[in-house]
Amino acid sequence: MNRRNFSKLAAISSLVGLAPSKIFSSVKSETGLKISLAQWSLNKAIKAGELSGLDFAKKSRSFGIEAIEYVSGLYTTHSNLLEKMSMKKLSKELIKRSNDYGIDNVLIMIDGQGSLASSNNTERLEAIDNHKKWIDFASELGCETLRLNLSGEKNLD
């Protein structure tokens with residue numbers, strides 16, 4: 001990327017905070033592309049308790065967004081939602097809310113579930129089992145894409 005392209009991208013990106021629904025809706029109408037919003041974009045509000053992970057679809061719709069990307073850690077490490085309800089109940093509630101607002105669930109980012117690339121067989125198999133529940137969760141939500149971190153050895157020497 002050259003400096004001119006970077007400057008254009010930076011200028012456009014800075015406008016997103018000013019009027020997201022206007023910017024996102026104009027992008028879709030001109031290009032036919034559907035914009036998705038990563039839940040991590042609102043992680044500070046979710047972590048602070050200002051926005052419930054359950055209200056992510058509603059908040060996204062207020063920006064003119066039509067598709068969303070979930071983050072597993074915002075339902076485990078940074079939220080007590082999974083302490084209050086099962087994954088099955090959570091997925092049903094998220095589906096209901098995304099349907100209520102006409103939002104497509106497209107992706108889930110799976111974090112903190114272990115090292116899939118560990119050379120330790122026990123550790124790796126445990127990580128695989130930990131990821132399976134989130135893969136099933138993503139399937140229930142209708143997500144067609146997963147993003148996960150392999151994690152593994154820090155020192156490969």
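Where a number appears in this text, it was derived from the coordinates with a stated rule and is not lab data. These numbers were taken from a predicted model, which means no experiment stands behind them. We place every Cβ from the backbone using ideal geometry, glycine too, and count neighbours over all the protein chains shown.
See the values below:
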| quantity | calculated |
| --- | --- |
| Label-to-label distance, nm, for residues given as residue 84 and residue 123 (7 Å Cα→Cβ offset) | 3.5 nm |
| In region 110-157, the trypsin sites (Lys or Arg not before Pro) that fall in loop regions by DSSP, at most 16 other Cβ within 10 Å | 154 |
| Residues whose placed amide H lies under 5 Å from that of residue 104, excluding near-sequence neighbours | 67, 68 |
| Restricting region 115-157 to GluC sites (Glu not before Pro) in coil, as DSSP defines it, with at most 14 other Cβ within 10 Å | 144, 153 |
| Cα-centre dipole for region 80-138 with unit charges at Cβ (Lys and Arg positive, Asp and Glu negative), debye to 20 | 260 debye |
| Of every Cα-Cα pair in region 37-104, the percent that sits beyond 19 Å | 25 percent |
| Full-extension gain in nm, residue 147 to residue 62, via 0.36 nm per residue minus C-alpha separation | 28.1 nm |
| Chain lengthening between residue 38 and residue 139 when straightened (0.36 nm per residue, less Cα-Cα) | 34.6 nm |
| Extension gain from residue 155 to residue 48, taking 0.36 nm per residue of separation minus the Cα-Cα distance | 35.0 nm |
| Region 72-157 - Rg and Dmax from Cα coordinates, angstrom | 14.6, 52 |
| In order through region 81-95: 3J(HN,Hα) via Karplus (6.51 cos²θ - 1.76 cosθ + 1.60), integer Hz, x for Gly, Pro | 4, 6, 7, 8, 8, 6, 4, 5, 5, 4, 5, 4, 5, 5, 5 |
| Mean-position separation - Cα centroids, region 47-66 and region 96-129, in angstrom | 20 Å |
